[in-house]
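To start, the structure itself, in structure tokens.
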Amino acid sequence: NNEIPYRKFINPIEALAFLKNQENLAPNSKEFLQASNDSSEDLIQHGKSVVNINLTQIHNKLYDSNRFNLTSVIVIDHDMPGIDGIEFCKQLKDSKISKIMLTGAADHKVAIKAFNDGIIHKFIMKDDPEVFQALDKAILELQQNYFSELSGLIIKNLTAGTCSYLENEKFIKFFSDITKAYQITELYLIDPIGSFLLLDKNGALIWFIVKSDQDIENDWQIAQDQNASDNIINALQNRDKLLFLFSEDDYKQPVDEWNSYLYPTNKIDEIPGCYFALIKENNSRKVTGVDRDKIYPYKLFENITA
């Protein structure tokens, strides 16, 4: 598939060296986590601690020019000069890179054993009449698994003891449909409930904001307590509008300024009490919290042979 960028190696030893050199550059969810000083004596006695998650740091990856050049999936032949596919993958067993092995009928049992031993993630028979379709499907699936695994530690900590839709199967399906409809190439989590900063293939910013009924109720209560205008109070009370403040500076604005931060709500029918808004970048209004000039644009790097 021409939409899948790749780098092709003729020499497997050179390919292995290239992949090992990438290991220090690979993303790691632990860089967004840090132990909290708020851990109680009871937690400490039971060997537990509270973890802080720096969500702001996540969307700063927008400015990382290296993010499109890292490898998430490799496709290798079993029969190669100098090293076979099994030994090649064994040397990358501790890597998070997903591995697909192409194999002939003679090596079918070897491939099955490698899969069962966890050395490879998938194998595809070269004599399959739909080998290319199978390969495209496997690559896209393993790419998704690669990022899901990287995000697992963050999601596990975020969903513990807080309202979050990140592990809700209906929400996952709905969000997946949104990313396909808008041809999203990048997504960055911005809050625990499941809001994301999205970029489409042209680099346009879209904010996918999610709020529960209770979240909107809390916003309405604040507006009422601080004597906001009737149109703000009614918009929140009737669930016609959803409040989204982009940054800490926006949170400092008086409630009467909230009109600029209210967006039409849409309901996710499959999930009771779940609302969302899609906020597209407007060139006439700077989106606070994102430095557009520093964003490294999405490019399918030229598919090359090394």
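The values are calculated or read from the model by the stated rules, or taken from the named source; none is laboratory data. This is a predicted model, so every value here is computed, not measured. We place every Cβ from the backbone using ideal geometry, glycine too, and count neighbours over all the protein chains shown. The protein model used for the area step is the full one, side chains on, heavy atoms only, and it has no ligands, DNA or RNA in it. Shrake-Rupley method; radii C 1.70, N 1.55, O 1.52, S 1.80 Å.
At a glance:
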quantity: Cα-based Lys pair tally, segment 119-219, threshold under 23 Å, eight or more apart or on separate chains; calculated: 15
quantity: Tensor-based shape of segment 113-156 (alpha-carbon gyration tensor, a/c under 1.5 rounded, otherwise prolate or oblate); calculated: oblate
quantity: Separation of the residue 55 and residue 24 label points, Cα + 7 Å toward Cβ, nm; calculated: 3.3
quantity: Segment 134-248, relative contact order [Cα under 8 Å, separation at least 6], %; calculated: 13
quantity: Within the accessible area of the chain (1.4 Å probe), percent carbon and sulfur; calculated: 48
quantity: Segment 130-180 shape via C-alpha gyration tensor axes, a/c threshold 1.5; calculated: oblate
quantity: Environment charge at residue 228 (Cβ cut-off 13 Å; Lys +1, Arg +1, Asp -1, Glu -1); calculated: -4
quantity: The chain - percent relative contact order, Cα under 8 Å, separation 6 or more; calculated: 19
quantity: Placed amide H near residue 74: partners under 5 Å, 5+ positions off or other chain; calculated: 98, 99, 100
quantity: Per residue accessible area in Å² of the chain, where ligands, DNA and RNA are left out and the probe is 1.4 Å; calculated: 59
quantity: Antiparallel %, DSSP beta bridges [both residues in the chain], to 5; calculated: 70
quantity: Residue 239 paired with residue 77, simple spin-label distance in nm, labels 7 Å along Cα-to-beta-carbon; calculated: 5.9
quantity: Cα centroid of segment 224-241 to Cα centroid of segment 143-210, whole Å; calculated: 29
quantity: Value of [θ]222 nm, deg cm²/dmol, for the chain, DSSP H segments ≥ 4, -39500 (n - 2.57) each, nearest 500; calculated: -10000 deg cm²/dmol
quantity: Accessible-area value, residue 257, 1.4 Å probe, nucleic acids and ligands omitted, Å²; calculated: 90
quantity: Rounded to 10°, Cα long-axis angle of helix 12-22 versus longest principal axis of the chain; calculated: 20
quantity: Derived scalar couplings ³J(HN,Hα) [segment 172-179; Karplus, 6.51 cos²θ - 1.76 cosθ + 1.60; whole Hz; x for Gly, Pro]; calculated: 4, 5, 4, 5, 4, 5, 5, 5
quantity: Residue-span extension gain [residue 136 to residue 17] - 0.36 nm each, minus C-alpha spacing; calculated: 40.3 nm
quantity: Net charge of neighbours whose Cβ lies under 14 Å from the Cβ of residue 27, counting Lys and Arg as +1 and Asp and Glu as -1; calculated: -1
quantity: Equivalent ellipsoid dimensions for the chain as semi-axes, Å, which come from the Cα gyration tensor, largest first; calculated: 43, 22, 19
quantity: Calculated SAXS-style log₁₀ I(q)/I(0) at q = 0.26, 0.34 Å⁻¹ - segment 53-94, Debye, Cα scatterers; calculated: -0.92, -1.12
quantity: Overall dimensions of segment 104-219 as given by Cα atoms, namely Rg and Dmax in Å; calculated: 19.0, 65
